[in-house]
Amino acid sequence: MTRLIKMIFNKELIKMPRHIMQLCHHHLKLSNQMIIQSSRRYSSSQNPIKLSTKMRQTPREKPALRKRGADGSGIPLLIIPLTCVGLGIWQVRRKDWKSKLIADLEDKMARPPIPLPQNLNELNKPDNEYVRVMVKGSFDHSRELFIGPRQDHNAEKKYMGVYVVTPLKLAGRPETILVNRGHVPWKMQPHQLRQAGQVEEEVEFVGVVRVTEGKSLGASLLEEKHCYPNRDVEELAAMAQTEPVFVDADINSTVPGGPIGGQTRVQIRDEHLSYIITWFSLAAITYFIWWRTYKNPKPHKSIIAFLKKEHSRL
């Protein structure tokens, strides 16, 4: 082959016969074909031939879409969002009931006061709480008790203090009940500092019936000061030796230098709106997870990685 090429460049083929020149041309053509085939095999081993978009196929390690629960195995998991929906509906009904209860209690406080019943134990029924009653009698300041710490609800600037609970001997009756006269600051807790407000004569005012709000936890620690953290009517009555009846004096009972009355507030927890939002949100989230897993799953991550790699190469 090298000799033929040298002969071509030296113009020696011109001197050759015709049949020899045809033979050389045929050998050159075969040599060129062999070189082209060899170069193609080498290039295919180094760089694979790019296929067109129509010919390209996506290799799959796993199915692109794996629809779980095709046999209905995922249906039992729907009990989770359905339970959350049920609890949300229950909280809606509870909120409606609580709103009516608060409105009923506020309506009780707006009604005209009634006389005290002959049987004072009737006032301890839960249905009678927040009922307004007419009270008449004389205070016994020697047996004062305190409930605290408490805020003054009538003051513009809230500050801590205690409620002054004083036994009241009912006029024309042998019973003695407990009366929350109102709020005083901490420093005014000793009765010696409130002599101007220690009413000795008979008084008449409107009171609001209250019932026990809970046990006096830690009351023994404050027993020496006769101060209790909660309104435990039975325990307070036992300490003051009165009937287990408790009323809050209204704002009109306030006297100069004495406790500030009218501290009654309708305090009932109404957090059902937050519960409604919580349960329905959980229902939506759990149902979306179920739907994404069993009804509309994402392609396998190997498919996504392959598509991103091919997109970057284009």
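The values are calculated or read from the model by the stated rules, or taken from the named source; none is laboratory data. Everything quoted here is computed from the prediction, not taken from an experiment. Counting neighbours? That spans all protein chains shown, and the Cβs are built from the backbone with ideal geometry, glycine included.
Please identify the pairs in which a residue from segment 249-278 that is of a type in the set (A, V, I, L, M) has its Cβ atom under 9 Å from the Cβ atom of a residue that is loosely packed, with under 11 Cβ neighbours inside 10 Å, counting only partners at least 6 apart or on another chain.
That search, which allows pairs on different chains as well, returns VAL255/ALA196.
Filter segment 85-135 for residues that are part of a strand (DSSP E or B) and either among the β-branched types (Val, Ile, Thr) or free of Cβ contacts under 8 Å to residues at least 12 places away in the same chain (or both) and give the result.
Residues of segment 85-135 that are part of a strand (DSSP E or B), as a first pass: 114-115, 132-135.
Answer for segment 85-135, where residues must be part of a strand (DSSP E or B) and either among the β-branched types (Val, Ile, Thr) or free of Cβ contacts under 8 Å to residues at least 12 places away in the same chain (or both): ILE114, VAL133, VAL135.
Out of (1) free of Cβ contacts under 8 Å to residues at least 40 places away in the same chain; (2) in a strand (DSSP E or B); (3) of a type in the set (Phe, Trp, Tyr), what's the single condition that is false for PHE146?
Single failed check for PHE146: (1).
What tally of residues in segment 179-225 results from selecting those that are more than 20 Å from ILE260 (Cβ to Cβ), over 35 Å from the mean Cα position of the chain (by Cα) and either among the aromatic types (Phe, Trp, Tyr) or modelled with pLDDT under 80 (or both)?
Count: 6.
Considering segment 141-192 alone, what residues qualify as being surrounded by fewer than 12 Cβ atoms within 10 Å (Cβ to Cβ) and either at positive phi or in contact with a Pro (Cβ under 6 Å, 6 or more places away or on another chain) (or both)?
Across segment 141-192, the qualifying residue is only GLY172.
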